[in-house]
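Contents: one structure, followed by commentary.
Where a number appears in this text, it was derived from the coordinates with a stated rule and is not lab data. Just so it is clear, the structure is predicted and the values come from calculations on it, not from any experiment. Note that each Cβ is placed from the backbone with ideal geometry, even for glycine, and that neighbours are counted across all protein chains shown.
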Amino acid sequence: MVDVFSEIDIKRPIKLVSEYAANPDHAPEWYVNINSAEWKTKKPLTIGSQIAFKAKFLGRDLAYVYEIVEYIPEQKMVMKTANGPFPMETTYIWHAVNENLTRMTLRNRGVPTGFSKIFSPFMATMMKKANMKDLNKIKAILEG
C-alpha cells in the first residue's frame, strides 16, 4: 500500500483555497504531472462527478478517471479512480487556521498492481516529492 500525506499553509481564506483546489479545471495549472482534465459528467462538482485526467508520472503516460465519492465544500473532497492502471484515492482537506490562512492537506492512497507493484517503495517517495511540488505551486498561484 502506498499512503502519502502532505500539507501546506496558504495565506488565503478557506473559501478561495478550497474552491480553486476542488475545481478539476484548475488541476493542470497546479499539478506538476497532470496535463489535462476532462469532465465526463455534467458540472458542477458533486458526489458522483467523474473527471478524466491525463498525466505523466515516472516517465509513463497515464490516463485515468476519478470519481468524487465525498465532497463537503470548504472542508473535504475525496476522489477515487473509477478506472486506470493504479487504483488510487486522493483526499483534500482544508482547515481554516484563521480568516486568511488555510492549511491544505493532500493525501494519496492506493495499492499498486502489476508492474507498478515492484516500484511501490520508490513510488511513495516520488509521490511525496510531487505532492509537495503541487502544494507549493497552488500556494504560489493563490498567494501571487
**OP:** Treating the angle as unsigned and between 0 and 90°, give the value, to the nearest 10°, between the Cα long axis of helix 120-143 and the longest Cα principal axis of the chain.
**Re:** 30
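Cut-off is 10 Å between beta-carbons; in what order do 4, 69, 97, 17 appear when sorted fewest neighbours first? Working shown, then result.
Working: 4 20, 69 15, 97 12, 17 26.
Result, fewest neighbours first: 97, 69, 4, 17.
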Original post:
Among 39, 71, 126, whose Cα sits farthest toward the positive end of the charge dipole of the chain (+1 at Cβ of Lys/Arg, -1 at Cβ of Asp/Glu, about the Cα centre)?
Top reply: 126
**OP:** Compute the distance in nm between two label points, each set 7 Å from the Cα along the Cα-to-Cβ direction, one at residue 61 and one at residue 11.
**Re:** 4.1
Original post:
What is the dipole size for the chain, taken about its Cα centre, with +1 at each Lys and Arg Cβ and -1 at each Asp and Glu Cβ, in debye to the nearest 20?
Top reply: 300
Subject >> Gain upon complete extension [residue 43, residue 69; 0.36 nm per residue less C-alpha separation] >> reply: 7.8 nm
